[in-house]
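S.K.: Right, I'll just put the structure down here and ask away after.
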Amino acid sequence: MSEGSRGSSLAFGQVVIGPPGSGKTTYCHAMSAFLGQLGRSVAVVNLDPANEALPCPCALDIAELVTLPDVMASLGLGPNGGLIYCMEYLEANADWLRDRLQQLRGHYILFDCPGQVELYTHHQALKNVFAQLAKWNFRLAAVHLVDSHYCTDPGKFISVLCTSLSTMLHVELPHVNVLSKMDLIEQYGRLAFNLDYYTEVLDLSYLVDHLASDPFFRNFRRLNEKLVEVIEDYSLVSFVPLNVQDKQSMRQVMQAVDKANGYSFGDQEHQSLEALMSAAVGADFHFSSYPLWC
């Protein structure tokens, strides 16, 4: 994985990002177990210096390099400033990360990243770390987790769409947006529209009309219309629903990510043409179902 080395083998993985409490660490360990059952050698790398209570051991932990409590105590910074300093420190010590990752060659890597939103919307440190990983022959996809409870509030959902779009444009990686905690969505309240409306981000004018029924948001209708126009003009944001306790849901996310980072089409999968076609069409593909007529 030396920089600029074209001869070294490719390594595949995911950078798991998203706001605090969206389920990034839970996702990493659930996906690690799921992929392990499929025969992949998986390693979880914790890049969150504020994540002190890891539910499972990690193959690599940024705490070996820097921790948020130490930075806050020694430099007198708050949590947000301290976390940004930690990411800048990681960027400045990229050689440490490269040397540690050398020990994980042959593994599919899940990078558990911090939950500070500005790290993915406009700050450069993590973006530069991801660029370094690409130079070390990592083929990565960004998995952006968003708590599904935002679907129950039209105003919050528009905010989530703006954040997701900004993150996609800034991080500059193949991107999969995920609505997490779908098993809890019924507890959050009734959705104004069916689930497909939110996952496919359909005609958002209906959402603006729904917001206008609230006296507070009625005063900001023009602003909401302009925000929706920006989202629809880019036409980039969509979501994959996820329930980590459901294998079919995990499989759908896995297929989306494998297509995004190229794992489905790499030599490391050692899979048949039928498996490649299944990834391409997003469903099980069997040649017996599509006979060739002579």
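S.K.: Within segment 173-203, take every residue that is among the aliphatic types (A, V, I, L, M) and over 14 Å from Pro154 (Cα atoms) and give me the one that is most open to solvent (accessible area, probe 1.4 Å).
M.R.: Within segment 173-203, the match that is most open to solvent (accessible area, probe 1.4 Å) is Leu184.
S.K.: Taking segment 221-244 as the search range and keeping residues that are of a type outside the set (A, V, I, L, M, F, W, C) and touching a residue at least 24 places away in the same chain (Cβ under 8 Å), which one is most open to solvent (accessible area, probe 1.4 Å)?
M.R.: Checking each candidate, the answer is Tyr234.
Every residue, every condition in (1) β-branched (Val, Ile, Thr); (2) over 19 Å from Val129 (Cβ atoms); (3) over 19 Å from the mean Cα position of the chain (by Cα), yes or no:
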{"site": "Gly18", "(1), (2), (3)": "no, no, no"}
{"site": "Ala63", "(1), (2), (3)": "no, no, yes"}
{"site": "Val66", "(1), (2), (3)": "yes, no, yes"}
{"site": "Gly82", "(1), (2), (3)": "no, no, yes"}
{"site": "Arg98", "(1), (2), (3)": "no, no, yes"}
{"site": "Leu104", "(1), (2), (3)": "no, no, yes"}
{"site": "Leu110", "(1), (2), (3)": "no, no, no"}
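S.K.: Which of (1) part of a loop (DSSP other than H, G, I, E, B); (2) touching a helix residue (DSSP H, G or I) at 6+ places or on another chain (Cβ under 7 Å); (3) closer than 26 Å to Ala30 by Cα; (4) modelled with pLDDT under 95 does Leu191 not meet, given it meets every other one?
M.R.: For Leu191, the failing item is (3).
S.K.: Same structure, new question: Which of (1) of a type in the set (A, V, I, L, M, F, W, C); (2) open to solvent by less than 60 Å² (accessible area, probe 1.4 Å); (3) under 22 Å from the mean Cα position of the chain (by Cα) does Ala53 not meet, given it meets every other one?
M.R.: (2)
S.K.: Of these, Met31, Met1, which one is more than 30 Å from Thr163 (Cα to Cα) and either modelled with pLDDT of 95 or more or open to solvent by less than 30 Å² (accessible area, probe 1.4 Å) (or both)?
M.R.: Exactly one residue qualifies, and that residue is Met1.
S.K.: Checking the condition crowded, with 20+ Cβ neighbours inside 10 Å and touching a Lys or Arg at 6+ places or on another chain (Cβ under 6 Å), which residue from Val16, Val71, Val45 passes?
M.R.: Val16
Table: residues versus (1) modelled with pLDDT of 95 or more; (2) not small (Gly, Ala, Ser).
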{"position": "Gln124", "(1), (2)": "yes, yes"}
{"position": "Val129", "(1), (2)": "yes, yes"}
{"position": "Ala141", "(1), (2)": "yes, no"}
{"position": "Val160", "(1), (2)": "no, yes"}
{"position": "Gln187", "(1), (2)": "no, yes"}
{"position": "Asp196", "(1), (2)": "no, yes"}
{"position": "Leu202", "(1), (2)": "no, yes"}
{"position": "Leu207", "(1), (2)": "no, yes"}
{"position": "Asp214", "(1), (2)": "no, yes"}
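S.K.: Something else now. Can you find even one residue in segment 151-159 that is more than 30 Å from Asp233 (Cα to Cα) and buried (at least 21 other Cβ atoms within 10 Å of the Cβ)?
M.R.: no
The values are calculated or read from the model by the stated rules, or taken from the named source; none is laboratory data. Since we're looking at a predicted model, the values are computed, not measured. Cβ sites come from the backbone with ideal geometry, for glycine too, and all protein chains shown count toward neighbours. Ligands, DNA and RNA are stripped out before the accessible areas are found, and what is left, the full protein with its side chains, is counted by its heavy atoms. Shrake-Rupley method; radii C 1.70, N 1.55, O 1.52, S 1.80 Å.
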